Structures are given as structure tokens and as C-alpha cells.
Amino acid sequence: MSGPRLSALVVARDEEARLPDCLATLRFADERVVVLDRTTDRSGEIARAAGACLVEGAWELEGERRNAGLDACTGDWVLEVDADERIPEALAAEIRAVIAASPHGWHEIPVDNFIGEHLVRHGWGGSFGTSAVPRLSRKGAKRWGMQRVHPSLSWNGTKGSRLTHAIQHYVDRDISDVLRRLDRYSSAKAADLLASGEIGTLAGNLRRFASRFVKCLLARKGYREGGWGVLIALCAGLYPLLAHLKARLEPERHRPGSGS
């Protein structure tokens, strides 16, 4: 393809069930790079069969493995996609048009989040989900921070306009999957809190629970989703509160290096 080269980056762990469909929607990219972290299933075999460049290793921090993926990409631009996400053809065409003309360092892309087959458009926030993600960036413009969950970001370059077409994100299979993700996220966050030495206070995290619940349900219009919006608002509020409680009540289980 003419114009700037595009690398599509997928960072995954044991995603043999979802990786084939994800990689199939990334054929429009000039290069597909797959980073596999401590994978024990057929993900590597699937990535090789699809013609992707493969990086395998073991990283304790999410930021470390994502930076390893960015470093492995050789394109002028990098599109980061998770294994549970799909790039529709209209978005693929828009991405090509944007990188051909953009003077900026990075762009956000909207996200359509699905729980099972149910599209939940409103209410996402509080580090439990988002309606837009900064996934399209020039090579060298983006670095991830050293955290286990929701790592921070640093940028080199200006932010461009948000794209109009959305990534399709099959975030959870059902409500039980939503709750399992809440458990994983809060455990990883507890490890980050313990590593920092600042776990906060119960009172402060109770206030965060209330403010995040109200923000997701009202300000982010989760009420439009009915019971789904209530579920997302609850999880967004519970995420920091559970992380605090795990760090305070079970530090031996969640301290970095404990093997939990």
C-alpha cells in the first residue's frame, strides 16, 4: 500500500478463541505484530499461521508488555487492538485516510462495547470501561507507564481529532464475566497500591464509590441502558474500593511477588 506504513499491534495472553477473528479484521494493515505474554495455548501457532510478527515473553506489568509491542512495530503509525476487539471495514478505511493526512501524534477512536450480544453505549467510565481509546499513534509518540492495570500514558506530539467510526469491543461474555473482570482488575490494582506504598483510606474510597457510581449512571448517561447501566456504574464504583480492601485486608495475597 502507498502512503504511511501502518502496524497493527495485538497484546494477548491465552486468546486462541478470539485471536483469529481479531487478526482477520487487521489485514488492511501493512504489518501485524502479536505480543504473547506467558501464553500456554495455541495463540502463537495462530499468529504465525496468519503471517503476524510474533514477540513472546513474560512481563509482570501491563505497561512493560505493551511497550515491548510498540518497540517491535516498524510502521510509521501503530494501531493497538486487543484480542476481543474487531475493526470494521469502515473504520479501517477511515484509519488509512487519517494517517495519510494527519499532522498530529495521536488520535482517539470511539468504542462500541458489547456484553454478550448486547451493545452498551452509555455509562462507561471509572477505569472499568471507556467509550473512546487513544489507540492510533505515530511510531515513537506513545509510551505506557509501569502499572499492572490501566497503565498511565505519556505522549510526544499533539492530539488530533477523534475518529468517527468505532472499534467493536466484545468486552465481556455475560454478567458473570463482568464480575470476574472486576475481580481481576481490583487484584491487579491492589498490587499496584501495595507497590506504591499508598493504599488510601476506607473513607476516601467510599466517597470514590459514590462519586463514580453517580457519574457513570447520570453524567455518562448509564441510565439509558437500564439494568446494564446500573451494573456498569456499580462495577466502576467498586473497582477502587475493592482494590483498597484487598490491599488493606489481604496484603499477603496481593503484594507484588506473592504469586497470587
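The values are calculated or read from the model by the stated rules, or taken from the named source; none is laboratory data. Just so it is clear, the model here is predicted, and its values are computed rather than measured. Here the Cβ is made from the backbone with ideal geometry for all residues, glycine too, and neighbour counts use every protein chain on show.
With respect to the conditions (1) of a type outside the set (S, T, N, Q); (2) surrounded by fewer than 21 Cβ atoms within 10 Å (Cβ to Cβ); (3) over 19 Å from Ala132 (Cα atoms); (4) in contact with a strand residue (DSSP E or B) (Cβ under 6 Å, 6 or more places away or on another chain), Arg65 falls short on a single one, namely (2).
For Val120, the conditions (1) of a type in the set (A, V, I, L, M, F, W, C); (2) out of contact with any helix residue (DSSP H, G or I) (no Cβ under 9 Å at 6 or more places or on another chain); (3) under 30 Å from Ile232 (Cα atoms) all hold with the exception of (2).
I'm trying to understand the selection: among the residues of the stretch 125-149, which are under 17 Å from Asp84 (Cα atoms) and aromatic (Phe, Trp, Tyr)? Within the stretch 125-149, Phe128 is the sole residue that qualifies.
Restricting attention to the stretch 216-226, the residues that are closer than 14 Å to Ser131 by Cα and among the basic types (Lys, Arg) add up to 2.
Meeting the requirement of 3 or more residues that are in the same structural domain as Trp144 (by TED's automatic domain parsing) and without any contact (Cβ under 8 Å) to a residue 40 or more places away in the chain, the strands (runs of 3 or more DSSP E) wholly within the stretch 1-67 are 31-37, 53-57. Checked against the criterion of being of a type in the set (D, E, K, R) and either surrounded by 14 or more Cβ atoms within 10 Å (Cβ to Cβ) or in contact with a helix residue (DSSP H, G or I) (Cβ under 8 Å, 6 or more places away or on another chain) (or both), the candidates Arg208, Arg180, Arg184, Arg224 yield just one match: Arg208.
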